[in-house]
1. Output the residues belonging to the stretch 107-133 that are among the polar types (S, T, N, Q) and either more than 11 Å from I176 (Cβ to Cβ) or within 25 Å of the chain's Cα centre (by Cα) (or both).
2. Restricting to the stretch 242-263, give me the number of residues that are of a type in the set (A, V, I, L, M) and within 13 Å of E121 (Cβ to Cβ).
3. If a residue must be within 25 Å of V140 (Cα to Cα) and surrounded by fewer than 13 Cβ atoms within 10 Å (Cβ to Cβ), how many such residues does the stretch 192-212 contain?
Amino acid sequence: MEEKLKRLKQFNSKLKQPSQRKERKWRKLLSRNKAYKWCVQPSQSRTCRWCKKEIQPSAYMCSSCQQPQKKRHWFLAHPSVAVSTVSIIIALGSFVVAWKANNPPPASPKLDAQVIAYTDEGFSFLVYNYGEAPTILTAVDLSTYLERSTLHEGHAYFSLETPVPLPPSSNQTINIRYDSHQANWADWNFSDGEEPFSISNLNLSAGMSNDLKCEMKLWYSAPDTKRHRASFTSISNGNCTSAMEWMSQEFGPLKDNPLSDPVLRFRAHNGSPDT
């Protein structure tokens, strides 16, 4: 009798191994749901991470050394360091917000313009400064584009003899003559194509389509900074025809032989103004 009790006690003290039926059931659950892969089988043995003694599979703390079995984040294991780090981050954020509130960005000028008219002698536009700092308008860059089967483009740079001061929230009308352009900074370009430039095509594009485009860039200086440029694009439908016609005769394809164009030849023969 004593021998039977001894063997029964030894049998109960050992961890029971899963039967084949339970093992098949467990493998079936693993194949169906990936979440079971993170579970611990109730019948599997497990040792403590610290003292290496056998513990229950579902135990969160060892009964011998009283140490947690799941890995914790370093900050969770050191709460005082975590609290100090969060406090420092909050203090730095408050300092940055206060510094930005007491040191706003410096005021700067902001320019925009509206073309008034293009004539045979020049063009005029209204420029206004809607920024918070004064500035001085020093130059204007005018570009014209005629895009048909061939793209023709002309660029002219005009330096103002007398720079125009523009206080904040002010506007001024600027008149520029074509003959005041800088010849070294004027050029004419065209893309590959079979259609040559002509005044008749220019007038036709300006009157019936939006193939003619003009762009004016304003050059101005700001306090304590280098030169800046403010630009806006004005899509024109005929109002800058005279500007592109002047460019074609001044430094464009009609410079050497303006009478090769039928319209210019007709005007020279009849002495009529531009149509």
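1. Of the residues in the stretch 107-133, the ones among the polar types (S, T, N, Q) are 108, 114, 119, 124, 129.
Correct list: S108, Q114, N129.
2. Let us first name the residues in the stretch 242-263 that are of a type in the set (A, V, I, L, M), namely 243-244, 247, 254, 259, 263.
Next, only the ones that are within 13 Å of E121 (Cβ to Cβ) stay: 243.
The qualifying residues number 1.
3. Of the residues in the stretch 192-212, 1 are within 25 Å of V140 (Cα to Cα) and surrounded by fewer than 13 Cβ atoms within 10 Å (Cβ to Cβ).
Yes/no per residue for (1) modelled with pLDDT under 85; (2) among the polar types (S, T, N, Q):
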position: G154; (1), (2): no, no
position: F158; (1), (2): no, no
position: P165; (1), (2): no, no
position: S169; (1), (2): no, yes
position: N175; (1), (2): no, yes
position: S180; (1), (2): no, yes
position: N184; (1), (2): yes, yes
position: W188; (1), (2): no, no
position: E194; (1), (2): yes, no
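The values are calculated or read from the model by the stated rules, or taken from the named source; none is laboratory data. Since the model is a prediction, treat every value here as computed from it, not as a measurement. Neighbour counts are summed over all protein chains in view; Cβ atoms, including those assigned to glycine, are modelled from backbone coordinates with ideal geometry.
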